[in-house]
1. Of ALA51, ALA25, which residue is within 14 Å of MET14 (Cβ to Cβ) and part of a helix (DSSP H, G or I)?
2. Can you run down the residue pairs with Cβ atoms below 9 Å, 6 or more apart or on separate chains, where the first is in region 67-80 and at negative phi and the partner is surrounded by fewer than 17 Cβ atoms within 10 Å (Cβ to Cβ) and among the β-branched types (Val, Ile, Thr)?
3. Could you tell me which of the residues ALA101, ALA63 is over 22 Å from VAL21 (Cβ atoms), free of Cβ contacts under 8 Å to residues at least 60 places away in the same chain and of a type in the set (A, V, I, L, M, F, W, C)?
4. Could you list, in sequence order, all residues of region 28-48 that are surrounded by 12 or more Cβ atoms within 10 Å (Cβ to Cβ) and assigned to a loop (DSSP other than H, G, I, E, B)?
5. Considering region 54-71 alone, what residues qualify as being under 19 Å from LEU11 (Cβ atoms) and either at pLDDT 95 or above or not β-branched (Val, Ile, Thr) (or both)?
6. I need a count of the residues in region 57-73 that are touching a Leu at 6+ places or on another chain (Cβ under 9 Å) and not in a loop (DSSP other than H, G, I, E, B).
7. Anything in region 72-87 that is buried (at least 16 other Cβ atoms within 10 Å of the Cβ) and modelled with pLDDT of 95 or more? List them, or say none.
8. Of all the residues that make up region 5-23, how many are surrounded by fewer than 14 Cβ atoms within 10 Å (Cβ to Cβ) and either in contact with a helix residue (DSSP H, G or I) (Cβ under 6 Å, 6 or more places away or on another chain) or modelled with pLDDT of 95 or more (or both)?
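The values are calculated or read from the model by the stated rules, or taken from the named source; none is laboratory data. Nothing here was measured: the structure is a model prediction, and the numbers come from that model. When we count neighbours, we look across all protein chains shown, and the Cβ atoms used for this are built from the backbone with ideal geometry, even at glycine.
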Amino acid sequence: MTAARQVHPDLAIMRETAAIVLDPAALAASRDEIAALTEALTGHLHELVPAVEELTGSRPSTADQVCALAGLAEARRKLGQQPEEGREAAHARRLARVTLALSTHWETLFAPGPAPSR
């Protein structure tokens with residue numbers, strides 16, 4: 001097992017942060033609150049992207065791995081975007097959705113498969 005797999009991402013915290021941002025009440029949050037949540041989500045994604053990359057491998061061979069690669073591409077695209085002035089909450093919501101997606105991809109890929117038949 002490699003070093004990256006020994007440390008599991010804290011998916012509960014990541015999902016909790018995403019849920020806060022996706023709650024309709026978050027639209028009324030202050031700019032500082034949105035900035036702090038965006039920073040947290042960005043950090044979560046910087047942790048999740050390499051973790052999911054490791055699980056997909058260099059030559060994906062399953063549908064789950066291919067789906068995860070699509071999720072990784074979307075995460076990178078969203079991480080590379082800067083929010084438009086006055087659209088910071090919308091940007092945070094996009095980061096929250098991709099955080100949830102990568103969390104699910106990580107769980108799917110990390111879950112042990114059936115034991116090999118002998």
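1. On the way: ALA25 fails: within 14 Å of MET14 (Cβ to Cβ).
It is ALA51.
2. From region 67-80, the pairs are CYS67/THR108; ALA68/THR108; GLY71/THR104; LEU79/THR42.
3. Working: ALA101 fails: over 22 Å from VAL21 (Cβ atoms).
The conditions single out ALA63.
4. ALA29
5. Initial filter on region 54-71 (under 19 Å from LEU11 (Cβ atoms)): 54-56, 64-65, 67-68, 71.
Of everything in region 54-71, those that are under 19 Å from LEU11 (Cβ atoms) and either at pLDDT 95 or above or not β-branched (Val, Ile, Thr) (or both) turn out to be GLU54, LEU55, ASP64, GLN65, CYS67, ALA68, GLY71.
6. 5
7. Restricting attention to region 72-87, the residues satisfying the condition of being buried (at least 16 other Cβ atoms within 10 Å of the Cβ) are 72, 75, 78, 83.
The answer is LEU72, ALA75, LYS78.
8. Step one: filter region 5-23 for residues surrounded by fewer than 14 Cβ atoms within 10 Å (Cβ to Cβ), giving 5-8, 10, 12-13, 16, 19, 23.
After this cut, where a residue has to be either in contact with a helix residue (DSSP H, G or I) (Cβ under 6 Å, 6 or more places away or on another chain) or modelled with pLDDT of 95 or more (or both) as well, the list is 10, 12-13, 16, 19, 23.
Residues meeting the conditions: 6.
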